[in-house]
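Structure first, then comments.
The values are calculated or read from the model by the stated rules, or taken from the named source; none is laboratory data. All figures in this text were calculated on a predicted structure; none of them were measured in a lab. Counting neighbours? That spans all protein chains shown, and the Cβs are built from the backbone with ideal geometry, glycine included. Calculation scope for accessible area: heavy atoms of the full protein, side chains included, ligands and nucleic acids excluded. Shrake-Rupley method; radii C 1.70, N 1.55, O 1.52, S 1.80 Å.
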Amino acid sequence: VLQGYAAEMDNPLMAHLISPELQNKKDILFGNMEEIYHFHNRIFLRELETYVEYPELVGRCFLDQMEDFQIYEKYCQNKPRSESLWRQFSDSVFFQECQRKLDHKLSLDSYLLKPVQRITKYQLLLKEMLKYSKNCEGAEDLQEALTSILGILKAVNDSMHQIAITGYDGNLNELGKLLMQGSFNVWTDHKKGHTKVKDLARFKPMQRHLFLHEKAVLFCKKREENGEGYEKAPSYSYKHSLNMAAVGITENVKGDAKKFEIWYNAREEVYIVQAPTPEVKATWVNEIRKVLT
């Protein structure tokens, strides 16, 4: 892909086949695939090869390189832009010519999906290895490697949702790390405001997608998009946020094991949040408690 497509975009002999709108868009189309390639070629593959005789110790190899695996997050975040560009130009003569020269059965988009598939495959491989490495040396490292890779997958997944937030004025990066995201039923109960509104609010929940950052929790409304691939991915229109410095929580709400309360400014605003399951509630409550303490 890097030699047969990316490099060809800079080849003067191919320039006449590239439409002007596609020029200078190499970084969007390929993301940081080159960085991923070099990481595997120069570092990760060589390390793996040192464990050929001792496969059960390969967990160590993952743990040593765990920070480098974050390059996948960058790749996945760029993927929607890349896909949208590909859809515009997929029938371009330039791509057809590159594919013909490479004698590839599949078109470029199948290969651009590889890094996304690769990062999701590691956890399956590590789970399989663990199954056969119960009491051997290295089992702990394998378990730790699996936990770390699952952490990276969660971060990739969360960030894919985060880039779909629309209508937020500030800079999301200033809110600190994104810790959790998910969909909930939310009821509001504000001290200010008309009693009628308050009564109404008790019955009909709002569907909200919450994003918990270190410094704020964002309430968004999920909009399903019609389209293919990443275009089908939902977008989230921003409604409001609460600064974590002024947030409090009540862990248990009478009569429902899935509900908890997030309140603001000494209960001036109260949000009753209902999670899909008691387990999801517990994870969120723990995470919010960590932020507050």
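For TYR37, the stated conditions do not hold, so it cannot be described as part of a helix (DSSP H, G or I), open to solvent by less than 90 Å² (accessible area, probe 1.4 Å) and in contact (Cβ under 8 Å) with a residue 24 or more places away in the chain. Annotation: ASP199 fulfils all but one of (1) open to solvent by less than 20 Å² (accessible area, probe 1.4 Å); (2) modelled with pLDDT under 95; the unmet one is (1). For the stretch 69-83, state whether one or more residues are outside any helix (DSSP H, G or I) and loosely packed, with under 13 Cβ neighbours inside 10 Å. No, every residue in the stretch 69-83 fails to be outside any helix (DSSP H, G or I) and loosely packed, with under 13 Cβ neighbours inside 10 Å.
Condition check ((1) surrounded by 18 or more Cβ atoms within 10 Å (Cβ to Cβ); (2) part of a helix (DSSP H, G or I)) across all residues:
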residue	(1), (2)
GLN96	no, yes
ARG100	no, yes
LYS127	no, yes
SER133	yes, no
ILE149	yes, yes
ASP158	yes, yes
ASN185	no, no
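Candidates PRO276, PRO234: the one that is at pLDDT 95 or above, open to solvent by 20 Å² or more (accessible area, probe 1.4 Å) and of a type outside the set (Lys, Arg) is PRO276. Do we have MET14 as open to solvent by less than 100 Å² (accessible area, probe 1.4 Å) and either more than 29 Å from LYS105 (Cβ to Cβ) or touching a Lys or Arg at 6+ places or on another chain (Cβ under 9 Å) (or both) here? For MET14, the condition - open to solvent by less than 100 Å² (accessible area, probe 1.4 Å) and either more than 29 Å from LYS105 (Cβ to Cβ) or touching a Lys or Arg at 6+ places or on another chain (Cβ under 9 Å) (or both) - is not met.
Looking at this structure, is LEU153 part of a helix (DSSP H, G or I) and open to solvent by less than 40 Å² (accessible area, probe 1.4 Å)? Reasoning before the result, please.
Values: part of a helix (DSSP H, G or I): yes; open to solvent by less than 40 Å² (accessible area, probe 1.4 Å): yes.
Yes; evaluated as a whole, the condition is true for this residue.
Return yes or no: is MET33 closer than 24 Å to ALA155 by Cβ and modelled with pLDDT of 95 or more? For MET33, the condition - closer than 24 Å to ALA155 by Cβ and modelled with pLDDT of 95 or more - is met.
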